[in-house]
Amino acid sequence: MTVRDKGGNVAAARKVRVGSLRTSSTRRPIKRLAIVKRVMPQSNWLRHFDDVEALAGMGSWRLDLASATMEWSRQARCLFGLDPDAQGPPWDRFLTFYPFNDRMILMQAIDRSIDTGKSFEVETDIVADGGERRRIRNVGKIDPGDGEAGCLIGVCQDVTAQREIERALERSALVDELTGIANRAALNQYLNDKVDKRRALGGFAVVLLDLDNFKSVNDTYGHHTGDDVLQRTAATLAGHAQEIGFAARLGGDEFVLAITAQETIERLRGFLATLLNDLSMSVSGDAGTITVRATMGACLLDEGITTRSDILRRADLSLYNAKALGKGRAMVAGDLRPIMPDQNFPG
């Protein structure tokens, strides 16, 4: 049956009908909730609140600023490694969960909140009662209440897992996925720092290298074998870097070894001869044996170098000069003498 309004307008009558349905459908749940709220015992609401805090990985507390007494929710006590059913510790004990620097950060945030009346939010570490270190987001504000001093109410949320994910993402952004050593972005940060602090360095050198015959390995035995060569090269450089500096892969078959150890810098030519030997490897298969070697260019940091681009450019020029004389050798910027893998140096 078609419903019309007094003027015979079907659409207008439908709007009225739909409007009345919406009104009734939105009112019923509100009435129902109101009834439930009236009949639900307080203990159920407290249990519900406790479950919500547990699901969110957080707990709450309240500090009376006049008496310095502190109240904790069950989940707040759990968060700090305490018995959830025991009475929460006092304010002084609460602060000792925070290492000194983190405690200062929290206290400064609270002081600002008291002075300004604004809420605060800071992330800090805590050491729970069992010794476990956790990352905590602290949020709170001043509640004037009825008393003269009012109270401080706060929420603590465990963000340890989130923090670890963020750190993993930060690390992955600075690590070469194939080899596991630093990538170009990490190298740029490292070199910027070293060049900026060059006056404090006893000495600093950069070695730029690429792999001879690497393309032949890829073409003959495939990229899987080529990847293995890159990983072996990275492992060798990382082994040296543990003792003397920093290793990174620029991309392709290009690598950098930064040297900060003064003893190594003083005998740089001898070290490069050793490194040439260490990076030599053979790849064998049905198509025969391919020998992979490195060619290197090195540069020592001096007063004429003011940026990372300067030192990389000079190292790259030395690499170019070494290749012009033949593969599998090294040269140092400002020194025209090539360095061979089997060359002996005094000391």
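The values are calculated or read from the model by the stated rules, or taken from the named source; none is laboratory data. Given the structure is predicted, the values throughout are model-derived calculations rather than measurements. Please note: Cβ atoms are built from the backbone with ideal geometry, for glycine as well, and neighbour counts cover all protein chains shown. With ligands, DNA and RNA removed, areas are computed over all heavy atoms of the protein, side chains included. Shrake-Rupley method; radii C 1.70, N 1.55, O 1.52, S 1.80 Å.
Counting only protein heavy atoms and a 1.4 Å probe, region 235-347 has 49 square angstrom of accessible area per residue.
Couplings 3J(HN,Hα) of region 236-252, computed from phi: 5, 5, 5, x, 5, 4, 4, 9, 10, x, 8, 10, 8, 9, 7, x, x Hz, in residue order, whole Hz [Karplus 6.51 cos²θ - 1.76 cosθ + 1.60, θ = phi - 60°; x for Gly and Pro]. Please give me the summed charge of the neighbours of L272: other residues whose Cβ is under 12 Å from its Cβ, Lys and Arg +1, Asp and Glu -1. Local net charge: +2. Rolling a 1.4 Å probe over the protein heavy atoms of region 254-297, with every protein chain left in place, gives an accessible area that is 37 percent carbon and sulfur. Computing Rg and the Kirkwood Rh from the Cα coordinates of region 62-130 gives a ratio, Rg/Rh, of 0.97. Our Cα-only numbers for region 231-309 put the radius of gyration and Dmax at 14.5, 52 Å. Close amide H contacts of T69 (hydrogens built in the peptide plane, cut-off under 5 Å, sequence separation of 5 or more or a different chain): D64.
Placing a label point 7 Å from the Cα of F49 along the Cα-to-Cβ line, the residues of region 152-178 whose backbone N sits under 17 Å from it are 152-157. Remark: region 110-124, residue by residue, has Karplus-estimated 3J(HN,Hα) of 5, 4, 5, 5, 5, 5, 9, x, 8, 6, 10, 8, 9, 9, 9 Hz, where x stands for each Gly or Pro and the curve is 6.51 cos²θ - 1.76 cosθ + 1.60 at θ = phi - 60°.
Here's the list of aspartates and glutamates a cross-link from K118 could span, going by alpha-carbon distance under 16 Å and ignoring same-chain residues fewer than 8 apart: D143. Bridgeable aspartates and glutamates around K197 (alpha carbons under 18 Å apart, same-chain partners fewer than 8 residues away excluded): D302, E303, D310.
Applied to region 266-277, the Karplus parametrisation 6.51 cos²θ - 1.76 cosθ + 1.60 on θ = phi - 60° returns per-residue 3J(HN,Hα) values of 5, 10, 4, 4, x, 5, 5, 4, 5, 5, 4, 5 Hz, with x for Gly and Pro.
Of H240, H48, H224, the residue with the largest accessible area leads and the full order is H224, H48, H240 (1.4 Å probe).
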